[in-house]
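Structure, as C-alpha cells:
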Amino acid sequence: MTLKKPLVGVLMGSDSDLPVMEGAFEVLRQFGVPFEAAVLSAHRTPERVVHYADTAADRGLKVIIAAAGWAAHLAGVVASKTILPVIGVPVDSSPLHGMDALLSTVQMPPGVPVATMAIGKGGARNAALLATQILALFHDELAEALKRHRADMAADVLAKNVKIDASVRVEGL
Ligand code: RP5
C-alpha cells in the first residue's frame, strides 16, 4: 500500500501478550497494511483505553484489533467507545489457557459486537487477515494480495500430497 498513516490499531493488555501478537504484526507487514500498536489495559489504564477508542476513527484508523488474556474485557470496552469494527484475540495467558478470555471476548451482550478470533497465536494471525479483508473492500491491491495468498495456501496443501505413498495417493486433485 502507498498509504503510510495507520489504518489498523493493535492493542494488547500487557507486554506479556506480545509474543502472541507478533504474528498479527507479521501478517500486517506481509500485506503492507500500515498499523500502530500499543499496550493498554482495560482495568489498569481504563481512561487511556477509552480515549484511544474514542479518538481512533478521527485519527484515521479503520479497524481495531484488541488482544487480552484472563477476563478479557479490553476488546469489549474498546468496542463500546467506537463504531469501528473491533476484532478480539483471546490470549492464552491464564490458568484456564484462554478459555476465560475466549468467553469474555466472544460473549458480548447484544448491541456491541466484537469479532472474536481463535485463542492465541492462530487467532492473532487471523485477526490481521480479517482486518486486511475489511480494508480490501476499499483497496483493490489488498484484495488481489489476499487472493494470491489463498492461492498460495492451496498450492502448499496440494504439494503435501507428494508425501503420501504413490500406491495409495489420489491423483489429479
Ligand atoms: C491481561 O492479563 C493481559 O492481556 C495479559 O494477557 C494478562 C497478564 O498480564 P500481565 O500480568 O502479564 O501484565 O490483562
**Message:** If amide hydrogens are placed 1.01 Å from N in the peptide plane, which non-local residues have theirs closer than 5 Å to the one on Gly88?
**Reply:** Ala66, Ala115, Thr116, Met117
**Item:** HN-Hα J in Hz across the stretch 49-56 - Karplus 6.51, -1.76, 1.60, θ = phi - 60°, x for Gly and Pro
**Value:** 4, 4, 4, 4, 5, 5, 9, 4
**Helix-only mean residue ellipticity at 222 nm for the chain, each DSSP H run of n ≥ 4 adding -39500 (n - 2.57), per residue, nearest 500** = -13500 deg cm²/dmol
**Item:** Per residue accessible area in Å² of the stretch 8-140, where ligands, DNA and RNA are left out and the probe is 1.4 Å
**Value:** 47 Å²
**Complete:** Quick calc, the chain, dipole around Cα centre from Cβ unit charges on Lys, Arg (+) and Asp, Glu (-), nearest 20 debye, gives 160 debye
**Asked** In degrees between 0 and 90, to the nearest 10, how far off the longest principal axis of the chain does helix 121-136 point, with axes built from Cα atoms?
**Response** 90 degrees
**Request:** Can you pull the one-decimal nm distance between simple spin-label points at Ser94 and Arg44, each 7 Å off the Cα toward Cβ?
**Result:** 1.6 nm
**Asked** Over the alpha carbons of the stretch 76-173, what is the largest minus smallest coordinate on each principal axis, giving the biggest first in Å?
**Response** 57, 41, 21
**Asked** What list of ³J(HN,Hα) values in whole Hz, one per residue of the stretch 79-88 in order, does the Karplus curve 6.51 cos²θ - 1.76 cosθ + 1.60 (θ = phi - 60°) give from phi, with Gly and Pro shown as x?
**Response** 4, 5, 10, 8, 9, 5, x, 10, 10, x
**Fill in**
Cα-only Rg/Rh for the chain with Kirkwood Rh rounds to 1.06
**Derived scalar couplings ³J(HN,Hα) [the stretch 8-17; Karplus, 6.51 cos²θ - 1.76 cosθ + 1.60; whole Hz; x for Gly, Pro]** = 10, x, 10, 10, 9, x, 7, 5, 5, 7
**Complete:** Ranking Ala38, Val49, Val27 by how far each Cα lies towards the positive end of the charge dipole of the chain (+1 on Lys and Arg Cβ, -1 on Asp and Glu Cβ), the top one is Val27
**Fill in**
Extension length gain for Ala71 and Phe25 (0.36 nm per residue less Cα distance), in nm, is 14.2 nm
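The values are calculated or read from the model by the stated rules, or taken from the named source; none is laboratory data. The structure presented is a predicted model; accordingly, all values stated were derived computationally and were not measured. For neighbour counting, all protein chains shown are included, and Cβ atoms are generated from backbone atoms with ideal geometry for every residue, glycine included. To get the accessible areas, we keep the full protein, side chains included, count just its heavy atoms, and leave off ligands, DNA and RNA. Shrake-Rupley method; radii C 1.70, N 1.55, O 1.52, S 1.80 Å.
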